[in-house]
Amino acid sequence: MLFNSFEYLLFLPVAWALFWAAPVRHRVTVLLVASYVFYASWSVPYAAMVFGLVVANYLFGLALGRTRHKRAFLGAFIAFDLGVLAVFKYVDFGLRSMAAGARLFGVELDPPLLQLVLPLGISFFTFEFIHYLVDIYRGDVPVHSFTRFHVFAAFFPTQIAGPIKRFQQFVPSLMSIGHFDAPLARDGLMLIGRGLGKKVLLADRLSPFANRGFAAAADGSIATADAWLVTLAFSLQIFFDFSGYTDIARGSAALFGFRIPINFDGPYLATSIADFWHRWHISLSTWLRDYVYIPLGGSRRARIVVMRNLLITMLLGGLWHGAAWHFVAWGGLWGAGLALHHLLRPYIRLRPSRLVTIAGWAFTQTFVLIAWVLFRADSFSAAAVMLRAMAGAGARTSLLTPKDMLAIVGVAVALIIVTLLARTGRSLPVRMPQGALRPVLYGSAAAFVLLVALVAAPTGREAFIYFQF
Amino acid sequence: MPAIVVCLAILIAVDAGVFRSGLFESQLRVSSPDFPDAKLALAARTADARVLYVGDSTVLTGVVPNQISEICGCGPGFNGAFAASTPWLTRAMTEQLLQYEHPSLVVIGVAPWDVDDAGHFVDSELAHELFSPDALAKAGIAVDPATWIDAAVARVSAVYGDRLLIKEFLTSLMPGARYDESQRGYYAVPGSATSAAQLSAEVGRMKAVHPGEPSPAAPGAAVITSLVHELRGRGIDVAFLMPPVHPATYAQNGAFIEQGDAAVRALAAAEHVQVIDCRSSVTIDDFRDLLHLRPSGATAHSRCVGEALRARTAG
């Protein structure tokens, strides 16, 4: 069930109405049932598997809270969770890579592949399980109520593509489902409307440019200007797609009284490579920081060790996105960039000024665009064609017309302006009307969201990009 | 409760006042006419066409109705072709276009790949635009429940039913993105893709997508024949148009093209349909890519088609 599908448009109000109509003690149960209906609408067997993983991790948490052999238990439990993820996501990738490697030495291997369908959201809820287990290992108290842990793990708004939640924030908020928080629900509706708007008005409109350009690169050639512009189109598409998805997830959660943290904070305003990861997919970058980078030693080690840690963390972050070498290369490029940033930072001390900020922004965003090529291209050869073209060795053919170019650059400029304006903190002086006008306003807002949702419903392959991870 | 009433009232007012009243249809603008819904919306406003051109993207990008009309003396035309059409989709599209247009002649683009003996009706997004779930089921497609629900909801909510066109309308609002309707359905695919690597990759795809051998007895040929009979039954004359293809195709997949030409000509002979072959009117520089013409090529090609139609009228 896609967030921009008609099924979800029906499902969400029904789940919402049943949730708030139910007695307080049954609301969590309603939420659980809704979550499994949501997941089972895609696959019943995989919904059963999710249930099994929830039970297992609940028991792991309790065991970890009691045992003296925490380290050994934690290792075994994480190995179990990662093992499940590996079976579905990485085994075939490993076998294929092995066969490709053997071929380089003239050995032909034809390993049997599992060819399993990847369970939706498995990368996200596996990371939530690992966070839960590691934090108990570090001293947090496990969640003793199975129902509460169950809702944390199976919560439908965030189950498929995050944001990756922390149980310390989520579980206590279950205490607040006793009363309906009207302002939060109103914010939730606005977030859903905004998310659908980002998806349908922007992301889906930009995808043809990116698809056309990367298909041309896969075919072997693309012009220099086209290469830059279609990569820019993709960078905008993935931002609007994923942040739109996140808005809908956060908005849906808010309707049920839950506050889910933000996942994006103006990433295309970042003025350094490190700054970008404080603003992009924040729930993933903080997870990688807390559960990979810091356990490796973090930044309180020798410079070379820190650089190694950054590289390993980002390589794993790349691999998390997909079982393909171009994702690993994408992570590796970011790791190398962050390592270099760490290495050079003490030697490059510039007095803060507008010019320095703009130069930092331009460099960072150029790096971001180059990295997106590795992320989006289906193969290294396509990425190489695109990067060569970006370096000036492009074809003489031209895919984009001046109006295409204007549209892409126009959206980019508009995004920068809107983000900058939003960060000034100014808001429109709108007061909520009282009396008879109030239901008119609420009714109009609901009608607007419904109309946007009806228009946003997919007509073809318009799934959210991050659903595949 | 009052808020719910307001919400429902707005939804009903928008549905009835904007979409069912014809207001949206009359104000609709599109950015590209290369999918069936957009083409049908344009056809509703171009009901004076005397010649209808149908087929796939080779017709869409190679036939300029205004150029042809200047020469042929056969009246205004409308290009009802769309990208990735197949004989099955072309037949369905032609039937729907005839609800708006009243032509005396339909020119059907028939390419070698249309008469590939491995061709068959394939379920696709385009098929869902042109066929009801009932029709898809009759054609042997396993229709999933979501498709039935989708059709039912589209009947209830015109906003939902028209969402593809609404998105298209929104796209047309981007700077310079609006399609010029005076082109009467003709569409120039932007840009160019004629590097050796791109042409070679496209030929590779052509071979993969059309693995069979062209034959006048192919399933696609039978569908075209049925369309010819249906049109003649309505008193409409028919001609076939052979699409120009880039010389690289002949170099790399020449046997398929030559066999296809023979199959199309055999089919035309069996049905006594005139074949319009204007492939020699374009040069290598007129191609935008393997199968599609640049505007200059489309103009040259259309002038030749116009001459052929004038000769036909005179004859």
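Let's see how each residue does on (1) surrounded by 15 or more Cβ atoms within 10 Å (Cβ to Cβ); (2) away from chain B (no Cβ under 14 Å); (3) at pLDDT below 80:
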site	(1), (2), (3)
A:V413	no, no, no
A:V418	no, yes, no
A:G435	no, no, yes
A:A456	yes, no, yes
Take the range B:179-188 and flag every residue that is in contact with a strand residue (DSSP E or B) (Cβ under 9 Å, 6 or more places away or on another chain) and not aromatic (F, W, Y).
B:Q183, B:R184, B:G185, B:A188
So if I check each of A:W361, A:W330, which one is aromatic (F, W, Y) and more than 23 Å from A:A384 (Cβ to Cβ)?
A:W361
Residue that is crowded, with 18+ Cβ neighbours inside 10 Å, within 14 Å of another protein chain (Cβ to nearest Cβ) and within 18 Å of the chain's Cα centre (by Cα), where the choices are B:L165, B:L227:
B:L165
Answer yes or no: is there a residue in the range B:252-260 that is at pLDDT 95 or above and β-branched (V, I, T).
no
Matching option when the condition is assigned to a helix (DSSP H, G or I) and without any contact (Cβ under 8 Å) to a residue 40 or more places away in the chain, among A:G297, A:G318, A:G251
A:G318
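Results for (1) aromatic (F, W, Y); (2) at pLDDT 95 or above, shown as yes or no for each residue.
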| site | (1), (2) |
| --- | --- |
| A:L288 | no, yes |
| A:A302 | no, no |
| A:L319 | no, no |
| A:W330 | yes, yes |
| A:L333 | no, yes |
| A:A336 | no, yes |
| A:R345 | no, no |
| A:R351 | no, no |
| A:G392 | no, no |
Among A:L350, A:L316, which is the only one that is surrounded by fewer than 19 Cβ atoms within 10 Å (Cβ to Cβ), in contact with a helix residue (DSSP H, G or I) (Cβ under 9 Å, 6 or more places away or on another chain) and under 23 Å from A:I164 (Cβ atoms)?
A:L316
Identity of the residue in the range B:182-200, facing chain A (nearest Cβ under 9 Å) and within 17 Å of B:G62 (Cα to Cα), that ends up surrounded by the most Cβ atoms within 10 Å (Cβ to Cβ)
B:A193
Of the candidates A:V385, A:V373, the one satisfying the condition of being in contact (Cβ under 8 Å) with a residue 24 or more places away in the chain, closer than 16 Å to A:I222 by Cα and within 14 Å of chain B (Cβ to nearest Cβ) is A:V385
Could you check, for the range A:396-409, whether at least one of its residues is more than 29 Å from the chain's Cα centre (by Cα), closer than 18 Å to B:A193 by Cβ, surrounded by fewer than 20 Cβ atoms within 10 Å (Cβ to Cβ) and more than 8 Å from chain B (Cβ to nearest Cβ)?
no
Taking into account only those residues within the range A:321-338 that are touching a residue at least 60 places away in the same chain (Cβ under 8 Å) and of a type in the set (G, A, S), which is surrounded by the most Cβ atoms within 10 Å (Cβ to Cβ)?
A:G337
When the range B:133-155 is examined, which residues are found to be among the acidic types (D, E) and either touching a Leu at 6+ places or on another chain (Cβ under 6 Å) or crowded, with 19+ Cβ neighbours inside 10 Å (or both)?
B:D150
Only one residue in B:R234, B:R178 is away from every other protein chain (no Cβ under 14 Å), on the phi < 0 side of the Ramachandran plot and of a type in the set (D, E, K, R). Which one?
B:R234
Condition test on A:S173, is it surrounded by fewer than 18 Cβ atoms within 10 Å (Cβ to Cβ) and either touching a strand residue (DSSP E or B) at 6+ places or on another chain (Cβ under 9 Å) or hydroxyl-bearing (S, T, Y) (or both)?
yes
Working carefully through the options B:G55, B:G80, find the one that is at pLDDT 95 or above, at positive phi and more than 11 Å from every other protein chain (Cβ to nearest Cβ).
B:G55
Which residues, taken from the range B:115-132, are surrounded by 22 or more Cβ atoms within 10 Å (Cβ to Cβ) and under 13 Å from the mean Cα position of the chain (by Cα)?
B:L126, B:L130
For A:G197, are the conditions met, namely being of a type outside the set (A, V, I, L, M), surrounded by fewer than 21 Cβ atoms within 10 Å (Cβ to Cβ) and part of a helix (DSSP H, G or I)?
yes
So the check is Cβ under 7 Å with 6+ separation or different chains; which pairs have a first residue in the range A:60-71 that's in contact (Cβ under 8 Å) with a residue 40 or more places away in the chain and a second one that's in a loop (DSSP other than H, G, I, E, B) and crowded, with 17+ Cβ neighbours inside 10 Å?
A:G61/A:P142; A:G61/A:V143; A:L62/A:P142; A:L64/A:P142; A:G65/A:P142
B:K138, sole failed condition from (1) within 12 Å of another protein chain (Cβ to nearest Cβ); (2) more than 22 Å from B:L28 (Cα to Cα):
(1)
Could you say whether any residue in the range B:208-218 is in contact with a Leu (Cβ under 7 Å, 6 or more places away or on another chain) and either within 14 Å of another protein chain (Cβ to nearest Cβ) or surrounded by fewer than 17 Cβ atoms within 10 Å (Cβ to Cβ) (or both)?
no
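The values are calculated or read from the model by the stated rules, or taken from the named source; none is laboratory data. Predicted model only: the values in this text are computed from it and were never measured. Cβ coordinates were reconstructed from backbone atoms using ideal geometry, including for glycine residues, and neighbour counts include every protein chain displayed.
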